[in-house]
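Values in this text are rule-based calculations from the coordinates and carry no lab data. For clarity, every value in this text was computed on a predicted model and none was experimentally measured. Ideal geometry is used to build each Cβ from the backbone, glycine not excepted, and the neighbour counts take in all protein chains shown.
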Amino acid sequence: MIKKLFAAAILVPMLLMIYPVITEFKPFEKLGPVAEKYVKDGPDELGVPNLVTSIVVTYRGLDTLGEVTVLFIATAGVGFLLASRKEQESVLPCLDKKNASEFVDTGSRFLMPFIILFGIYIFVHGHLTPGGGFQGGVVIATAFLMGLLSDTSYKINETILELVESLSGAGFVAVAILGLVLAGGFLDNRFLPLGEYGRLFSGGAIAVIYSLIGLKVGSELTAILKTMSRSGE
């Protein structure tokens with residue numbers, strides 16, 4: 001009874017706060033000053049069709065740096081927390097039992113290169129089509145997850161994984177500093193030529209930034225999956 005009263009004491013004030021937001025909400029009839037500047041000047045300044053995702057790595061570059069840093073801290077935290085659980089049950093129990101069927105195993109090995117290639121396509125074309133570094137990195141990590149789930153003996157080269165993660169992170173910071181020194185600000189894409197609008201090699205350094213983010217996100221998420229798969233060994 002006390003738990004129910006406590007829950008009600010929390011939920012009722014929350015509902016009272018949310019109710020005016022729902023009942024009095026009115027759609028925006030015009031863009032705010034910042035959004036209006038992005039929409040008006042963004043295509044000319046950035047030189048890319050996908051304005052939304054490009055804003056993330058240019059105008060909001062510091063936010064993107066923070067997101068990448070949070071993911072790195074999460075990866076390190078998972079490794080630290082699971083390091084002492086090697087004698088306990090694996091976080092991925094299916095890896096402690098037996099391999100998947102030969103059909104699933106063969107299908108996984110066949111599909112993995114195509115999934116990785118698709119992830120690369122997503123972040124390389126992030127400035128032209130919906131997608132970007134985070135989305136492409138997650139797709140790449142799912143390919144390795146499929147390998148870990150289908151074959152208990154599947155190994156991921158830790159040296160290559162750490163090398164990709166380190167170089168992509170360092171490259172991301174280097175590109176950000178180049179934008180600060182050679183162009184107009186931190187992660188400014190215009191220190192490279194904008195190129196022809198709508199082409200792959202366009203948008204200045206945005207494609208490079210997305211590629212570095214995609215590699216870093218993919219390697220860090222894969223490292224988390226690898227650590228989780230080994231926690232029961």
At a threshold of 8 angstrom on Cα-Cα distance, excluding pairs fewer than six apart, so keeping six or more, what relative contact order does the chain reach in percent? 29
Which one, G126, G184, G171, has the greatest fluctuation when you compute a Gaussian network model over the chain with C-alpha springs under 10 angstrom? G184
Divide by every residue of the chain the summed helix terms, -39500 (n - 2.57) for each DSSP H run of at least 4, and state the resulting mean residue ellipticity at 222 nm, rounded to the nearest 500 deg cm²/dmol. -23000 deg cm²/dmol
Sort 106-116, 33-43 by packing, meaning the average of other beta carbons within 10 Å per residue, with the highest value first. 106-116, 33-43
Just the number, please: Stokes-Einstein D of the range 139-178 in µm²/s, Kirkwood Rh from C-alpha pairs, 37 °C, 0.692 mPa s. 276
Work out how much length S166 to V39 would gain on full extension: take 0.36 nm times their residue separation and subtract the Cα-Cα distance, in nm to one decimal. 42.3 nm
GNM flexibility winner over the chain from P27, P130, P13 (Cα, springs under 10 Å): P13
Restricting everything to alpha-carbon atoms, can you work out Rg to Rh for the chain with a Kirkwood hydrodynamic radius? 1.09
